[in-house]
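Here's the structure we're looking at; comments come further down.
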Amino acid sequence: MHRAGWPYSGGVLPREDAINRLVLWNVDLTLVDVAIVTRDAYAEAFRRVTGRPLVKLAPAMGRPDSEIVFETLAVNGIPAEDDHLPRFLAALAVAFADRRKRLAKEGRMLPGAKEALKAVSRLDGVVQSVLTGTIKSNAVHKLQAFGLDKHVDFDLGGYGEEVYPKATLLQVAQGRAKQRHGTPFTAANTVLIGDSTRDVQAARIGGAAMVAVASGRSTAAELREAGADVVLPDLSNASEVVAAVAGLTSPVDRKAG
């Protein structure tokens, strides 16, 4: 990881007026783990849409809710119909909102998440959002439950109800950030922070630098092999997270992409 010329020591940093760095965070197993509540919400949504109990939930594996819905219908023997996806996602949003008060009690914030978000927010010219397979309303609930929403601009992110591959969703988020702030966002000034090899692949294909954290189901070795620029064990050292983001978006290190 390049750290030359980066004297970050944990203090408040001067900011530039222009937004010229975009940091996108994966949510599940990067910032929070709310798997119990998520499964319960999926079971309720499945019952509402199909009239049957959920027997098997398709594994997430870094995939968007839209993809999980179709596979869940298939593995439970229900042929997908044209209106299944919008009905399921709407039901999932309601079921999750009904359970949002359980998130902090039955889920957990991953080590260092709040400190890392706060520390990155102090970098000059940075804006932070999310790139997640979770639908937008549920992503907001997940972060709000743990007080992680303060430094996140949700309007710039990419979410699971948008039926795109994650790499394309990354480019959609970059486009939203450009429209808002007037700056082109490319691999030179965009960083994705996530925990899965799918996240790494999305960064490589979509055009972003990648900071991978081995807090999910992908090992550090797998994340390195997939091509992550920086691999950290978790987010517990905020200075390392900031140094990684700064090094990957500093002009001396920028690669057009």
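Looking only at the stretch 195-215, count every residue that is within 24 Å of Ala246 (Cβ to Cβ) and in contact (Cβ under 8 Å) with a residue 60 or more places away in the chain and tell me the total.
Qualifying residue count, the stretch 195-215: 7.
Need the failing condition index for Leu103 against (1) in contact with a helix residue (DSSP H, G or I) (Cβ under 6 Å, 6 or more places away or on another chain); (2) outside any helix (DSSP H, G or I), just the number.
(2)
Kindly provide the set of residues from the stretch 60-90 that are more than 22 Å from the chain's Cα centre (by Cα), hydrophobic (A, V, I, L, M, F, W, C) and surrounded by fewer than 20 Cβ atoms within 10 Å (Cβ to Cβ), ordered by number.
Ala74, Val75, Ile78, Ala80
Which one of the conditions (1) free of Cβ contacts under 8 Å to residues at least 24 places away in the same chain; (2) in a helix (DSSP H, G or I); (3) within 30 Å of Ala208 (Cα to Cα) does Ala90 fail to meet, given that it meets all the rest?
Here Ala90 clears every test but (3).
Identify, by number, the condition in (1) open to solvent by 40 Å² or more (accessible area, probe 1.4 Å); (2) polar (S, T, N, Q); (3) in a strand (DSSP E or B) that Gln128 doesn't meet.
(1)
Could you say whether any residue in the stretch 48-62 is among the basic types (Lys, Arg) and modelled with pLDDT under 95?
No, the stretch 48-62 contains no residue that is among the basic types (Lys, Arg) and modelled with pLDDT under 95.
Residues in the stretch 131-163 that are in a helix (DSSP H, G or I) and of a type in the set (Ser, Thr, Tyr): how many?
Qualifying residue count, the stretch 131-163: 1.
Kindly indicate whether any position in the stretch 126-140 is over 23 Å from Thr197 (Cβ atoms) and over 18 Å from the mean Cα position of the chain (by Cα).
no
Could you tell me whether Val163 is β-branched (Val, Ile, Thr) and under 23 Å from Ala90 (Cβ atoms)?
When the stated conditions are applied, Val163 passes them.
Residues of the stretch 108-122 being part of a loop (DSSP other than H, G, I, E, B) and either modelled with pLDDT under 95 or crowded, with 19+ Cβ neighbours inside 10 Å (or both), which ones?
Passing the criteria: Leu110, Gly112.
May I ask you to list the residues in the stretch 18-59 that are open to solvent by 10 Å² or more (accessible area, probe 1.4 Å), hydrophobic (A, V, I, L, M, F, W, C) and under 30 Å from Ala246 (Cβ atoms)?
Within the stretch 18-59, Ala18, Ile19, Leu29 qualify.
Between a residue in the stretch 176-188 that is of a type in the set (Ser, Thr, Tyr) and any residue that is part of a helix (DSSP H, G or I) and buried (at least 17 other Cβ atoms within 10 Å of the Cβ), which pairs come within a Cβ distance under 8 Å, given they are 6 or more apart or on different chains?
Hits for this filter: Thr183/Ala177; Thr186/Gln174.
The values are calculated or read from the model by the stated rules, or taken from the named source; none is laboratory data. Quantities reported herein were computed from a predicted structural model and do not represent experimental measurements. Using ideal geometry, Cβ is built from the backbone for each residue, glycine included, and neighbour counts are taken over all protein chains shown. Note: areas computed on protein heavy atoms with side chains; ligands, DNA, RNA excluded. Shrake-Rupley method; radii C 1.70, N 1.55, O 1.52, S 1.80 Å.
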